[in-house]
Amino acid sequence: MAENNVTNTNTTNSIDNARKYGTKLWKKKVRKFFNNRLAVFGLLVVVIFLVLMIGAPIFTKWDPNAPNFKAKLVGPNAEHLLGTDSLGRDLFARILYGGRTSVLIAVVSSFIGSTIGTILGAIGGYFEGFIDKCLVRLQEIVSCFPQLILVLIVVAFIGPGTWNLILIFALTGWTGCFRLVRSEFIARKEETYVKVCEAFGMSNVKIMFSQILPSVLTTVIVQLTMNIPGYVMQEAGLSFLGFGVPMNTPTWGTMLNAAKASSILINNPHCWLVPGLAISLFVLAVNFFGDGLRDVMDPRQQ
Amino acid sequence: MAKYIVRRLITMVIMVFVISLVIFIALQSTGVDPVGQMLGVDNYTKEAAEEMREKLGLNDPIIVQFFRWWGNIFKGEYGKSIALGYTVKDGLIAKWPATLEITLYALLISTVIGLLIGMLSAFWQNSIIDYLGRGIAVLGNSMPEYFFALILIQIFSIKLGLLPSAGRIPAGGGSRLPNLILPVCALAIPLCGNLMRYTRNTMLDVANQEYVKLARSKGIPEWKVYIKHIFRNSMRPVITILLFRLTILIGGSVAVETVFAWPGVGQVLTKAITASDYWVVMFYTLFMAIMMLSISFLIDLIGALLDPRVRLGK
């Protein structure tokens, strides 16, 4: 009885220690992140963007879709902070509301793509053999598909739209994460703690997802963050060509599409400079933030 | 080694086949009717459409059409645009030189500048060149290349009036250089940023290896250490990146071609996609898939050739 008590207190003590040490490590990491000026700048810009976009109705009184034929193509002024487009729609409002769609597409696609990639990568890396070979081939086939063609096929099946774009990005975007997680799993499953779990008769699923996965998760989160800028650019690219979201939905890409009219390209540069700069600034900020995050959470991957 | 190459080649053939089959079935089942596009609204009657479909062989089972298409490819008949009537040979293949012209120039220029500045900034760490290189890399990473193209047009064509903003001079039509400068810059500059950063980091990695220290302690002149020991050993990852660039370039050139009204494959493709032109889209997909697969094959091969451990291993 007495012995039991002693061991109990010992375990609680070590758990307490682990907690204390954990918080210390956490604090150290946070401090390291805030010492990286570029990363802090990135975080700040991303937060400002998010606040502006989520609180769009507070920051602008204009409706992003309401045309105003009395104020077509005016430059930036006090009334219209960033000017208006060829239909007289306020560009600042369109940047904020359009940003919601652009960023939503990027974040959701990145999240779904990483989830698919992680699950398939875990299965492939842990079991190897035939399943793994099939998955690797599947990944090769997917990365050979020209994206434009896929867009055409999906659009023809279910019509153009925000969610269809997300579907395409998620279906094509899991390959990077798959390769990463797969190679991590192949390396880790030889480690002693995995062998111990196997010896205790733990189920494969449990070993994969509750033992190995947590140690790979930081890498995945960093990868997920670093993928977001790519999706913002891809959405903009497809919408710029006219194959992305429908033209009447404001996104940064559909706004850039205005520059395809040569009169706007020549005479009204603010129409395409504004969305272009918004994309560049957002992408830049997420890149800086992601770099900082990686330095702190996953220093091996530099 | 020979066994490995043969095995890779066989897998490649199978994969090209699978990819084309998937695209073929998917395109057929989209339900978009190319015949409707072809006849136009005025001439469209059920009977005419049916007759047209029969004539084009669109009523046969998918699998029959698929193998007929492959048969034709081997015979050198690449098909015809259903909606616009041009043959793939004239309408698509003939446009490749224009696309290759800007992409290869862009690849060449970005490689030279990227490698040079990357090496210099590894040599003189934290110098002005290093910061400049990093700045360009950051900008190139965060700007879509067609947006960069728009800015170039705004500055050099509209404000300064120095360079033409659109079009391509056909062979023999005078100096082609002015029309080339802006599109090539728009593709090359964002690319070389990445390459710079990559070259710099790989070289710094290699520079910290033991054998470099050994070379230095043997008294080999510093420039020789850099060229013979560091540069040569950092080339393998850099070559990998370079080959990948080629596919990115051709994919990314679609938007840039649109901006500069460059008569390349990109324009044909965007039109074919909107008109759901089976054979044009199929041929493009086939071509891109073969290219992507060959490039990843090449990367592995070069990797094996450059790395004696892999070469001697199996």
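Odds and ends about this structure:
- Scanning the range A:75-133 for residues that are surrounded by fewer than 21 Cβ atoms within 10 Å (Cβ to Cβ), under 30 Å from A:LEU273 (Cα atoms) and among the acidic types (Asp, Glu) turns up just one, A:GLU79.
- When A:SER215, A:SER239 are checked against the criterion of being surrounded by fewer than 21 Cβ atoms within 10 Å (Cβ to Cβ), under 27 Å from A:CYS177 (Cα atoms) and more than 10 Å from chain B (Cβ to nearest Cβ), a single residue qualifies: A:SER215.
- Total residues in the range B:67-97, condition touching an Asp or Glu at 6+ places or on another chain (Cβ under 8 Å), surrounded by fewer than 19 Cβ atoms within 10 Å (Cβ to Cβ) and not hydrophobic (A, V, I, L, M, F, W, C): 1
- Residues being touching a Lys or Arg at 6+ places or on another chain (Cβ under 7 Å), of a type outside the set (D, E, K, R) and more than 10 Å from every other protein chain (Cβ to nearest Cβ) are entirely absent from the range B:235-258.
- In the range B:143-154, the residue that is farthest from the other protein chains (Cβ to nearest Cβ) out of those that are in a helix (DSSP H, G or I) and in contact with a helix residue (DSSP H, G or I) (Cβ under 7 Å, 6 or more places away or on another chain) is B:LEU152.
- Check on A:ALA259, assigned to a helix (DSSP H, G or I) and under 24 Å from A:ILE112 (Cβ atoms): no
- For the range B:205-291, the helices (runs of 4 or more DSSP H) that sit wholly inside it and include 2 or more residues that are under 23 Å from B:ASN194 (Cβ atoms) are B:232-259.
- Residues within the range A:107-153 that are facing another protein chain (nearest Cβ under 9 Å) and in a helix (DSSP H, G or I), tallied: 12
- Positions within the range A:262-302 being under 20 Å from the mean Cα position of the chain (by Cα) and assigned to a loop (DSSP other than H, G, I, E, B), in sequence order: A:ASP298, A:GLN302
- Annotation note: of B:GLY167, B:GLY140, B:GLY135, the sole residue that is within 12 Å of chain A (Cβ to nearest Cβ) and surrounded by fewer than 21 Cβ atoms within 10 Å (Cβ to Cβ) is B:GLY135.
A short reminder: the numbers here are calculations on the coordinates, not readings from a lab. Note that the coordinates shown come from a computational prediction; the quantities given were computed from them, not determined experimentally. Glycine gets a Cβ as well: all are built from the backbone with ideal geometry, and neighbour counts include every protein chain shown.
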